[in-house]
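These notes are about the structure you will find just below.
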Amino acid sequence: MAYSRHYSRRLTAEQMLDSISQTTGVTEQYTSLYPGTRAAQLPEPEIESYFLEVFDRPSRQLICERKQPPTLNQALHLISGDTIQRKIEDPHGVLAKMLAAHRPPREMVEEMYLRTLSRYPDAEEGATAEAAIAKAPAAKQGLEDVFWALLNSKEFLYNH
């Protein structure tokens, strides 16, 4: 049997949260669970996580398919919610460590691309990212903006 194509699918709630956590280097904290527990390892759906609720974590009371179309709440949470921003700004996260090492912006952009998209930026993407960093009031803010944009890209959020 031959397959002619693969349709893009958005990551599930657990996959998305685990990917964001791994990419930023900041684990999600769940009450009464060991630090470093991944969303995919949660033993029961009653464990609170606003991100997982917004992104349609199943209740496990019924066996049914997940809703794949994105909702307005999901888009708003990605754009202005605290999950991604909190992880990007975390003082123990990847970005803070790169800034503390005083690495050149180009190297930091390359590492962010590798962490989020598993590839290097092409020449145009690298130039755009460097221009955004240079245009920002502070390099830290520019790097946060680039990281945020990568974490909100279709290439990161979809399995293709």
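The values are calculated or read from the model by the stated rules, or taken from the named source; none is laboratory data. Because the structure is predicted, anything quoted here is derived from the model rather than measured. Because the Cβ atoms are built from the backbone with ideal geometry, glycine has one as well, and the counts that use them run over all protein chains shown.
In table form, for the structure just shown:
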{"read-out": "Among (1) within 19 Å of GLY25 (Cβ to Cβ); (2) at pLDDT below 95 - the single one PRO104 does not satisfy", "value": "(1)"}
{"read-out": "Number of positions in the stretch 21-54 that are under 20 Å from ASN73 (Cβ atoms), in a loop (DSSP other than H, G, I, E, B) and among the hydroxyl-bearing types (Ser, Thr, Tyr)", "value": "1"}
{"read-out": "Check on ILE88, in contact with a Gly (Cβ under 6 Å, 6 or more places away or on another chain), surrounded by 13 or more Cβ atoms within 10 Å (Cβ to Cβ) and either modelled with pLDDT of 95 or more or over 26 Å from ARG5 (Cβ atoms) (or both)", "value": "no"}
{"read-out": "Which numbered condition SER4 misses (of (1) farther than 23 Å from LEU95 by Cα; (2) touching a residue at least 12 places away in the same chain (Cβ under 8 Å); (3) of a type in the set (Ser, Thr, Tyr))", "value": "(2)"}
{"read-out": "Some residue of the stretch 60-75 being at pLDDT below 80, in a loop (DSSP other than H, G, I, E, B) and surrounded by 17 or more Cβ atoms within 10 Å (Cβ to Cβ)", "value": "no"}
{"read-out": "In the stretch 92-105, residue nearest to the chain's Cα centre (by Cα) [restricted to those that are outside any helix (DSSP H, G or I) and under 26 Å from GLN15 (Cβ atoms)]", "value": "GLY93"}
{"read-out": "Within the stretch 1-20, considering residues that are of a type in the set (Gly, Ala, Ser) and either in a loop (DSSP other than H, G, I, E, B) or over 17 Å from ARG57 (Cα atoms) (or both), the one modelled with the highest pLDDT", "value": "SER8"}
{"read-out": "Hits in the stretch 144-160 - residues which are over 14 Å from ILE84 (Cα atoms) and in contact with a helix residue (DSSP H, G or I) (Cβ under 9 Å, 6 or more places away or on another chain)", "value": "GLU155, ASN159, HIS160"}
{"read-out": "The stretch 106-160, subset of a type in the set (Phe, Trp, Tyr) and outside any loop (DSSP other than H, G, I, E, B), residue surrounded by the most Cβ atoms within 10 Å (Cβ to Cβ)", "value": "PHE147"}
